[in-house]
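Heads up, the thing below is written out as structure tokens.
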Ligand SMILES: [Zn+2]
């Protein structure tokens with residue numbers, strides 16, 4: 001039985017439900033890609049499919065639009081797979097269990113994949129509708145966006161004629177996005193040497209931080225547990241002799257780390273001073289981060305006494321110097337767009353291995369040269385300390401251009417339809433637009449989408465009424481590109 005029967009626009013929700021029935025987590029997109037090809041065949045539309053499971057479907061201009069510039073419609077077909085603890089859902093073979101609550105669509109126990117299934121549903125509804133007025137269309141459905149924009153990066157764009165691109169991977173109605181950050185994952189490694197040390201062993205932890213997304217939440221003044229641990233250790237170094245055996249914080253380069261733990265060896269005469277210092281530091285941090293992270297806890301757990309392999313003196317000093325001097329957080333705000341973070345980084349992962357320290361940062365900037373300069377700074381710091389540096393997953397920025405022809409059209413179409421001006425914004429996160437912007441010289445691009453909440457979580461919700469308005473807007477926009 002269809003859950004989304006009876007909701008408008010009927011064909012959009014029809015296809016959204018079709019897509020929800022096909023497993024399509026990132027890295028598992030062959031089946032959904034084949035579904036799109038079958039759709040094109042059924043509707044007599046030209047199509048291409050590549051080895052990455054990207055699909056392009058073409059539709060000629062409707063009558064009267066033969067001379068209008070071709071338009072690229074774009075979204076991604078993969079979704080983030082999250083499920084509730086204990087859920088038996090198998091993302092490799094089960095379809096989603098859709099439900100409706102009020103104005104919202106959800107999937108029971110799992111992510112919904114409204115990000116970005118709704119874009120694909122929009123495209124299929126437009127492609128099959130013979131009553132719409134539109135220029136020649138190139139619907140580009142990419143794969144594996146959620147694991148590093150892989151499909152868009154691999155896509156051969158040489159056959160694309162359009163230089164106007166409508167990306168539909170945004171999550172707030174009424175906002176037209178016109179620029180996004182580029183970025184990379186910067187991996188730094190410092191080789192370390194070890195000695196043995198005897199004394200009392202403590203596990204010290206900084207926890208209880210809010211964390212968050214290293215792009216969209218980097219401007220929320222949230223503390224970074226890995227860097228606070230650097231401060232803790234350096235402060236300790238000023239107060240007593242200690243040795244460092246273990247260090248571990250954060251899980252993902254693009255998440256602000258919520259906790260970091262270290263194992264220390266100290267002399268038994270310093271136990272009291274250690275506990276006093278940590279209590280005082282907790283109080284200071286709570287005051288410094290009032291309003292964002294006043295829940296910070298700094299704890300120490302005694303593990304026992306004995307001998308452990310610890311960093312030798314020089315390695316320990318290098319690790320402390322590195323953590324005290326690594327830049328982090330906002331580096332520059334945009335002077336063109338008020339409130340936009342232009343360049344930032346986040347030390348997401350910190351791990352001490354027997355023979356090296358590994359530090360992984362997510363670097364972002366909406367200006368390509370600023371991203372590269374920050375990477376060079378990190379490389380210099382790591383190499384100065386005898387370590388190495390590697391940039392992975394580099395993706396380009398979609399740089400801001402003011403008042404392009406498409407932006408003007410998109411704003412006036414919105415005003416005509418809804419009687420109010422949309423917000424025109426830039427975001428400090430990645431979108432596939434950056435890759436298209438780089439590959440298609442002269443591209444004019446905007447991104448928009450219907451209201452969604454809690455994407456990438458099991459609480460993901462898609463607004464039905466917002467989907468209806470956004471689809472009307474898409475049709476209006478296509479009609480006005482002549
Ligand atoms: Zn997305």
task = Sort segment 81-187 into rounded, prolate or oblate with this rule: let a ≥ b ≥ c be the square roots of the eigenvalues of the Cα gyration tensor; rounded if a/c is under 1.5, and if a/c is not under 1.5, prolate when a/b is larger than b/c, oblate otherwise.
result = oblate
Degrees between helix 405-418 axis and first principal axis of the chain (Cα, 0 to 90, nearest 10) = 70
request  = Grab the alpha carbons of the chain, take their convex hull, and tell me the volume per residue in Å³.
outcome  = 161
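Quick one: divide the alpha-carbon radius of gyration of segment 1-146 by 2.2 N^0.38 Å and tell me what you get. Please list the in-between numbers first.
Details: Rg = 15.8 Å, N = 146, 2.2 N^0.38 = 14.6 Å.
Dividing the Cα Rg of segment 1-146 by 2.2 N^0.38 Å gives 1.08.
Of the DSSP beta bridges with both residues in the chain, give the percent that are antiparallel, rounding to the nearest 5.
Values: 82 of 102 bridges.
Once the DSSP bridges in the chain are tallied, antiparallel ones form about 80 percent.
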The chain, helix-only ellipticity at 222 nm - DSSP H runs n ≥ 4, -39,500 (n - 2.57), divided by all residues, nearest 500 = -9500 deg cm²/dmol
request  = Grab the Cα-Cα distance for residue 172 and residue 312, subtract it from 0.36 nm times how many residues apart they are, and report the gain in nm with one decimal.
outcome  = 45.2 nm
ask   = What is the Cα radius of gyration of segment 1-80 over 2.2 N^0.38 Å, N being its residue count?
value = 1.25
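What is segment 261-355 by shape, rounded, prolate or oblate, if you read a ≥ b ≥ c off the alpha carbon gyration tensor as root eigenvalues and call it rounded for a/c under 1.5, prolate for a/b larger than b/c, and oblate otherwise? If you can, show how the numbers build up before the last one.
Values: a/c = 3.18, a/b = 1.65, b/c = 1.93.
Cα axes put segment 261-355 in the oblate bin.
Translational diffusion coefficient, Stokes-Einstein: compute it for segment 193-265 using the Kirkwood radius over C-alpha pairs as Rh, at 10 °C and 1.306 mPa s, and state it as an integer in µm² s⁻¹.
Details: Rh = 13.3 Å.
In µm²/s, the coefficient is 119.
Restricting the count to DSSP beta bridges whose residues both fall in segment 65-186, what percent are antiparallel, rounded to a multiple of 5? All intermediate terms of the calculation are to be shown ahead of the outcome.
Numbers: 6 of 16 bridges.
Percentage antiparallel, nearest 5: 40.
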note = Share (percent) of C-alpha pair distances in segment 184-395 greater than 25 Å works out to 38
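Classify segment 378-471 from the C-alpha gyration tensor, please: rounded if a/c falls under 1.5, else prolate or oblate depending on whether a/b exceeds b/c.
Oblate, because a/c is 1.5 or more while a/b does not exceed b/c.
With only alpha-carbon pairs counted, each pair once and no self-pairs, how large is the Kirkwood hydrodynamic radius of segment 249-305 in angstroms? Numbers along the way, then the final one.
On the way: mean 1/r = 0.0756 Å⁻¹.
Averaging 1/r across every pair of different Cα atoms and inverting gives 13.2 Å.
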query = Quick one: helix 30-42 against the long Cα principal axis of the chain, what's the angle to the nearest 10°, folded into 0 to 90?
reply = 10
request  = Normalising by the residue count of the chain, find the relative contact order in percent from Cα pairs under 8 Å and 6+ residues apart.
outcome  = 23
task = Round to the nearest 10 and give me the degree value, 0 to 90, for the angle of helix 225-239's Cα axis relative to the longest principal axis of the chain.
result = 10
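Coordinate-derived values only; no laboratory data. Keep in mind it's a predicted model, so treat the numbers as computed, not measured.
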